[in-house]
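Data first, discussion second: the structure below is written as structure tokens.
The values are calculated or read from the model by the stated rules, or taken from the named source; none is laboratory data. Quantities reported herein were computed from a predicted structural model and do not represent experimental measurements. No Cβ is skipped: glycine too gets one built from the backbone with ideal geometry, and neighbour counts run over all protein chains shown. Just the protein is used for accessible areas: all its heavy atoms, side chains included, with ligands, DNA and RNA removed. Shrake-Rupley method; radii C 1.70, N 1.55, O 1.52, S 1.80 Å.
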Amino acid sequence: MYKDIRLFIENIPVKYDADKDKIIIKNVDDLEKGKVLKLFYDENVYDIKFDEGIKYENGKKGEIFISLTGAKLTIFLVLKKNYFVKSVYKYINKFIDKDTLMKEISLFIESEVGKKYKDDLTSLLDKLENKDKSVEELIINNEDEYQRVFNLLINNETFLDIDSHMSSLELMLLITYYIYAPCTPKIDQDYFDDLVKAAENYDHALENIWRLGMNFDGLNYDFSLLEDFFVKTKDIHYLREYIGGIRQADEESVINKIIATKDKDFIKNILNDDYLCDILHDDYKNRLKEYLNN
């Protein structure tokens with residue numbers, strides 16, 4: 001149910017039980033005192049709360065570090081409105097099936113924030129179950145069923161209401177939770193640029209801006225802001241991931257911007273990176289070398 005909640009102790013995954021809006025750590029009494037439990041969660045759909053007395057520190061957005069004491073540990077999840085939108089997004093992109101979708105909608109209805117939408121979403125669940133259909137009408141193939149559910153979801157009153165009020169930051173976080181999704185929101189260039197700016201001013205900027213490129217790759221958006229960002233940050237790892245992993249990356253434009261920095265140390269680092277040199281065309285590598293020699 002909660003695949004967007006991950007727990008680790010010293011990089012070893014920790015198993016847990018989920019009970020509606022609670023996560024209960026298994027065998028918590030066996031965990032060594034003094035260890036730190038690392039909690040990673042999707043801050044776009046959850047707020048996290050603990051029992052009084054639990055010691056923890058917030059890391060970057062979506063990260064919490066909990067000091068273990070050996071006592072029972074329960075993590076309380078406060079669902080946000082975006083939980084429902086994310087469930088719809090997952091189904092549309094075929095990350096979950098209809099049964100999982102319905103379980104998540106039921107959980108959302110039971111949450112404090114979901115109570116407002118109970119009538120509409122209960123009706124949606126009935127439609128998803130085909131309660132008003134005869135046996136003959138239910139004999140349809142899987143692709144037809146996917147499209148039927150798809151149409152119900154994107155025309156649902158609650159979905160349209162929550163979706164229309166999402167900020168560019170919230171939409172960016174929804175999209176970049178995944179490295180790639182085949183069905184991304186249809187937005188114009190200005191809004192795409194807003195997503196990039198939202199990512200740039202938020203934690204995990206390098207990863208999220210790269211993921212925006214992955215998700216919108218080949219969809220005719222201008223990636224100038226992505227190029228500017230990866231050149232400005234001078235992060236070799238993400239520069240190579242951008243040039244090597246995104247099909248529409250304009251290598252010539254990126255090289256021109258790199259040279260325009262006049263930063264010879266940056267250019268040396270690029271030429272000393274074997275992987276990046278492997279993916280750069282010879283003409284562009286030669287241009288970088290020529291700039292260093294001038």
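In segment 228-243, the residues that are within 15 Å of Asn256 (Cα to Cα) and of a type in the set (Asp, Glu) form Cβ pairs under 9 Å with partners that are open to solvent by 30 Å² or more (accessible area, probe 1.4 Å) and in a helix (DSSP H, G or I), at six or more places apart or across chains, as follows: Asp228/Lys257. Within segment 1-19, being touching a Leu at 6+ places or on another chain (Cβ under 9 Å), at pLDDT 80 or above and loosely packed, with under 13 Cβ neighbours inside 10 Å holds for Pro13, Lys15.
Go through segment 191-213 and give me each residue that's open to solvent by 10 Å² or more (accessible area, probe 1.4 Å) and of a type outside the set (A, V, I, L, M, F, W, C). I'd like the intermediate steps shown before the answer.
Within segment 191-213, the subset open to solvent by 10 Å² or more (accessible area, probe 1.4 Å) is 191, 193-194, 197-198, 200-208, 210-211.
Across segment 191-213, the qualifying residues are Tyr191, Asp193, Asp194, Lys197, Glu200, Asn201, Tyr202, Asp203, His204, Glu207, Asn208, Arg211.
Being β-branched (Val, Ile, Thr) and touching an Asp or Glu at 6+ places or on another chain (Cβ under 7 Å) is a description that does not apply to Ile258. The C-beta contact set for segment 86-104 (first residue closer than 16 Å to Pro185 by Cβ, second residue basic (Lys, Arg) and part of a helix (DSSP H, G or I), distance under 7 angstrom, 6+ apart or interchain) is empty.
Note on segment 59-143: enclosed helices (runs of 4 or more DSSP H) holding 1 or more residues that are at pLDDT 95 or above, under 26 Å from Cys183 (Cα atoms) and not small (Gly, Ala, Ser) are 82-92, 98-110, 118-129.
It is to be established whether one or more residues within segment 281-290 are surrounded by fewer than 14 Cβ atoms within 10 Å (Cβ to Cβ), closer than 26 Å to Ile92 by Cβ and modelled with pLDDT of 95 or more. If you could, list the steps in order and put the result at the bottom.
Of segment 281-290, the ones surrounded by fewer than 14 Cβ atoms within 10 Å (Cβ to Cβ) are 281-283, 286, 289-290.
Add one more test, that the residue is closer than 26 Å to Ile92 by Cβ, and what stays is none.
So far as segment 281-290 goes, no, none of its residues is surrounded by fewer than 14 Cβ atoms within 10 Å (Cβ to Cβ), closer than 26 Å to Ile92 by Cβ and modelled with pLDDT of 95 or more.
I'm trying to understand the selection: among the residues of segment 264-280, which are outside any helix (DSSP H, G or I) and open to solvent by 40 Å² or more (accessible area, probe 1.4 Å)? Hit for segment 264-280 is Asn272, nothing else.
Remark: pairs (first residue in segment 188-203, hydroxyl-bearing (Ser, Thr, Tyr); second residue open to solvent by 70 Å² or more (accessible area, probe 1.4 Å) and outside any helix (DSSP H, G or I); Cβ separation under 9 Å; 6+ apart in sequence or on different chains) = Tyr202/Lys61. Count of segment 25-58 residues, restricted to those that are surrounded by 13 or more Cβ atoms within 10 Å (Cβ to Cβ), outside any loop (DSSP other than H, G, I, E, B) and at pLDDT below 80, is 2. Checked against (1) touching a residue at least 40 places away in the same chain (Cβ under 8 Å); (2) open to solvent by 30 Å² or more (accessible area, probe 1.4 Å), Thr69 meets all criteria but (1).
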